[in-house]
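A short write-up of the structure that comes next.
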Amino acid sequence: MALLIDSRVGVGIANIVRDAMGQVLGSLASGIVHVMDPLFAKAEEALQAVIFGLQMGLTKVILEGDSLTIINKLCSQKEDLSIVRAIILDIKLRSFCFFLVLVST
């Protein structure tokens, strides 16, 4: 979940990792300064979730988010030409390290 605090200051990002039973395994909170576009914040949030999952040693993940735009970009086979294309590509490349990746809203 990305929370817009003040566009001049930045945004806060929070991710929660749960197991199949819903138990919390870990959480992560961080921030990004000087965010000019909310889509960038959502893409960065997804990237941080993937990195966190890799650091935890997870092999099967469901990446959930509330930005349908980011989810559609992650599921698309087409090359992304938006301002978040580098982040989307980074997420896709890192996701190859997982055995199974599902994406949902």
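Quick notes
- Listed by first and then second residue, the pairs linking a residue in the stretch 41-60 that is closer than 27 Å to Ile83 by Cα and touching a residue at least 40 places away in the same chain (Cβ under 8 Å) to a residue that is surrounded by fewer than 21 Cβ atoms within 10 Å (Cβ to Cβ) and basic (Lys, Arg), with Cβ atoms under 7 Å apart and 6 or more places separating them unless they lie on different chains, are Val50/Arg94; Ile51/Arg94; Leu54/Arg94.
- Some residue of the stretch 17-29 being open to solvent by 30 Å² or more (accessible area, probe 1.4 Å), of a type in the set (Val, Ile, Thr) and in a loop (DSSP other than H, G, I, E, B): no
- Long-range neighbours under 7 Å by Cβ, at least six apart or interchain, first residue within 18 Å of Val103 (Cα to Cα) within the stretch 69-85, second β-branched (Val, Ile, Thr): Ile71/Val103; Ile71/Thr105; Lys73/Ile88; Leu74/Ile88; Leu74/Ile91; Leu74/Val103; Cys75/Val103; Asp80/Ile88
- Within the stretch 37-105, helices (runs of 4 or more DSSP H) holding 2 or more residues that are of a type in the set (Asp, Glu) and crowded, with 17+ Cβ neighbours inside 10 Å: 38-55
- Verdict on Ala14 being open to solvent by less than 70 Å² (accessible area, probe 1.4 Å) and in a strand (DSSP E or B): yes
The values are calculated or read from the model by the stated rules, or taken from the named source; none is laboratory data. These figures come from a predicted structure and were not determined experimentally. Counting neighbours? That spans all protein chains shown, and the Cβs are built from the backbone with ideal geometry, glycine included. The accessibility values were calculated without ligands, DNA or RNA, using every heavy atom of the protein model including side chains. Shrake-Rupley method; radii C 1.70, N 1.55, O 1.52, S 1.80 Å.
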